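Trainee: Below: one structure in structure tokens.
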Amino acid sequence: MNGSKGPLAGCRVVEAARFVTGPYAGQLLADLGAEVIKIEDPKGGDPFRGWGKNGYGPTFIAFNRSKRSLTLDLKQESGREAALRLIRDADVFIENFRPGVADKLGIGYDKVSSLNPRLVYCSITGMGRDGPYAQRPSYDIVGQGLSGLLSLLVELDDPRPVGPTFSDTLTGLFAAYGILAALQGREHTGKGQRVETSLLQATMGFMHEPYATYYGSGEPPNAFNRPRASQVYAFKCGDGLPLAVHLSSPEKFWRAFITSVGQIDMLDDPRFRTHAMRRENWDAIHDRLKPIFRTKSRADWLEVLHRHDVPSAPIYRLDEAAEDPQVRHLGILQTVDHPRAGKVNLVGFPVGLSDTPLGPLSAPAMLGEHTDRILAEIGYSIDEIDAMRVNGTI
């Protein structure tokens, strides 16, 4: 597994989490070299395993690479004892149960921090540990909706949720960020601490600009305020393929854009003379240029725009993005092998480190793939492991 290289080499993370938030936080730490042990229920494991064939579908693969899988029934005393034995020597513990569930299972913060004062204990919830909504069931769209993010992504008159799991993945990202801060803090204090975040907090923590816009203007922004302010446009070209242009505020990009599309008269149009005027007349610019872009193919337009140094890009489907020469050059998309699952395609870690280079990624584990080995590492005999298997603990 990927635990021998990277800045977190030697750091042990125990993850008792499922779906996206906790597993993504654990995966980010694994990418940085930590040894991550994922505790899963013997009866099916992480629910995302059930979303694909043989417990190994795309949704599970997305958030669980470079980890070891240990099955433990935490509702059994023997399972809790094994978990505590593992956590006792860990650096980080990640859980994303509803508030109070970890305490009921005997692996809450007070219990495990008394056993391991150096432990960084990360708790991820939907709405926070307490408060009027703390016990509500929460998934990605709940975080998007309650935070206000969803109002920036959909037409409120005809709301249809779109896109990937923004709230879930943001929460995992912020959880990993908090864990890294706590590990650094431990270098100074010698003590671990509790790290907490939630779908609601993390999503709102991502929305600095929308809230600043709201407080500055007194009006909540909608899905088009940011594109209008940034002078972002999208067009369908003559071959039916779309592209996008982002002019931002430098005047040179506006002039280059209008020159490249052969509409020089727009430079003297009083409606478009300043950036503020162009924001006001954003729809008029789009309407004027929409038929122009239908006169050439996307490839032809991109060649023209790039020649004029206009910030622009095709709007790719994922299959197109995967084949783009710059994407391939960066090596962000990788293929790894698993002895049973075969070749697995992954999106790699998007940051490079010059002095502590990261080790190779490894494919997600099959359910319980490392159970016997991990239990042996923490002192269980072969007979004890066999007994745990007989009584359903593993």
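The values are calculated or read from the model by the stated rules, or taken from the named source; none is laboratory data. Predicted, not measured: the structure shown is a model, and the values here were computed from it. Reconstructed Cβ throughout: ideal geometry from the backbone, glycine too, with neighbour counts over all protein chains shown.
Trainee: Just to be sure, is Gly22 in the same structural domain as Gly128 (by TED's automatic domain parsing), in a helix (DSSP H, G or I) and either in contact (Cβ under 8 Å) with a residue 24 or more places away in the chain or on the phi > 0 side of the Ramachandran plot (or both)? Walk me through how you get there before you give the answer.
Mentor: Numbers: in the same structural domain as Gly128 (by TED's automatic domain parsing): yes; in a helix (DSSP H, G or I): yes; either in contact (Cβ under 8 Å) with a residue 24 or more places away in the chain or on the phi > 0 side of the Ramachandran plot (or both): yes.
Taking the combined requirement at face value, the residue satisfies it.
Trainee: In the range 75-104, what count of residues is obtained for those that are in a loop (DSSP other than H, G, I, E, B) and either closer than 21 Å to Ile385 by Cβ or among the hydroxyl-bearing types (Ser, Thr, Tyr) (or both)? Step through it out loud before you land on a result.
Mentor: Going residue by residue through the range 75-104, those that are in a loop (DSSP other than H, G, I, E, B) are 75-76, 89-91, 96-100.
When the remaining residues are screened for being either closer than 21 Å to Ile385 by Cβ or among the hydroxyl-bearing types (Ser, Thr, Tyr) (or both), the result is 75-76, 89-90.
Residues flagged as in a loop (DSSP other than H, G, I, E, B) and either closer than 21 Å to Ile385 by Cβ or among the hydroxyl-bearing types (Ser, Thr, Tyr) (or both) within the range 75-104 amount to 4.
Trainee: Filter the helices (runs of 4 or more DSSP H) completely within the range 309-394 down to those with at least 1 residues that are over 25 Å from the mean Cα position of the chain (by Cα) and among the aliphatic types (A, V, I, L, M).
Mentor: On the way: elements: 318-322, 325-330, 371-377, 382-390.
In the range 309-394, 371-377, 382-390 are the helices (runs of 4 or more DSSP H) which contain 1 or more residues that are over 25 Å from the mean Cα position of the chain (by Cα) and among the aliphatic types (A, V, I, L, M).
Trainee: Quick one: in the range 102-137, of everything that is polar (S, T, N, Q) and crowded, with 21+ Cβ neighbours inside 10 Å, which residue is nearest to Val92 (Cα to Cα)? Before you say what the answer is, go through the steps one by one.
Mentor: So in the range 102-137, the residues polar (S, T, N, Q) come out as 113-114, 116, 123, 125, 135.
Still in the list and also crowded, with 21+ Cβ neighbours inside 10 Å: 123, 125.
Values: Ser123: 11, Thr125: 17 Å.
Within the range 102-137, the match that is nearest to Val92 (Cα to Cα) is Ser123.
Trainee: Restricting to the range 362-376, give me the number of residues that are surrounded by 14 or more Cβ atoms within 10 Å (Cβ to Cβ) and of a type in the set (D, E, K, R).
Mentor: 2
Trainee: Write out, first by first residue and then by second, each pair whose Cβ atoms fall under 8 Å of each other, whose residues are 6+ apart or on separate chains, and whose first residue, in the range 64-76, is assigned by TED's automatic domain parsing to the domain that holds Ala16 and on the phi > 0 side of the Ramachandran plot while the second is part of a strand (DSSP E or B) and of a type in the set (Val, Ile, Thr).
Mentor: Partner pairs satisfying both residue conditions: Ser66/Val36.
Trainee: How many residues are among the charged types (D, E, K, R) and touching a residue at least 24 places away in the same chain (Cβ under 8 Å) when one looks only at the range 90-104? Please lay out each step first, then the result.
Mentor: Going residue by residue through the range 90-104, those that are among the charged types (D, E, K, R) are 91, 95, 98, 103-104.
Next cut, touching a residue at least 24 places away in the same chain (Cβ under 8 Å) only: 91, 95, 98.
Here the count works out to 3.
Trainee: Restricting to helices (runs of 4 or more DSSP H) lying wholly in the range 105-200: which have 3 or more residues that are more than 16 Å from the chain's Cα centre (by Cα) and in contact (Cβ under 8 Å) with a residue 60 or more places away in the chain?
Mentor: Details: elements: 109-115, 140-147, 166-189.
Here the list reads 166-189.
Trainee: Same structure again: Return the residues of the range 155-171 that are at pLDDT 95 or above and among the hydrophobic types (A, V, I, L, M, F, W, C); say none if nothing qualifies.
Mentor: Phe166, Leu170
Trainee: Name the residue that is farthest from the chain's Cα centre (by Cα), counting only residues in the range 206-226 that are part of a helix (DSSP H, G or I), surrounded by 15 or more Cβ atoms within 10 Å (Cβ to Cβ) and not hydroxyl-bearing (Ser, Thr, Tyr).
Mentor: The extreme case among them is Asn225.
Trainee: Further question on the same structure: Being of a type in the set (S, T, N, Q), at negative phi and touching a Ser or Thr at 6+ places or on another chain (Cβ under 6 Å) narrows it down to one residue among Thr203, Thr189; which is it? Walk me through it before giving the result.
Mentor: Details: Thr189 fails: touching a Ser or Thr at 6+ places or on another chain (Cβ under 6 Å).
Selected residue: Thr203, the only one of Thr203, Thr189 that is of a type in the set (S, T, N, Q), at negative phi and touching a Ser or Thr at 6+ places or on another chain (Cβ under 6 Å).
Trainee: For the list (1) touching a Cys at 6+ places or on another chain (Cβ under 8 Å); (2) under 30 Å from Arg317 (Cβ atoms), I need the number of the one condition that Ile179 fails.
Mentor: Tallying (1) touching a Cys at 6+ places or on another chain (Cβ under 8 Å); (2) under 30 Å from Arg317 (Cβ atoms), Ile179 fails exactly one: (2).
Trainee: Here is a further query. Kindly check whether there is at least one residue in the range 240-248 that is outside the structural domain of Val20 (by TED's automatic domain parsing), modelled with pLDDT of 95 or more, over 30 Å from Gly148 (Cβ atoms) and over 26 Å from the mean Cα position of the chain (by Cα).
Mentor: Within the range 240-248 (the criterion being outside the structural domain of Val20 (by TED's automatic domain parsing), modelled with pLDDT of 95 or more, over 30 Å from Gly148 (Cβ atoms) and over 26 Å from the mean Cα position of the chain (by Cα)), the answer is yes, since at least one residue qualifies.
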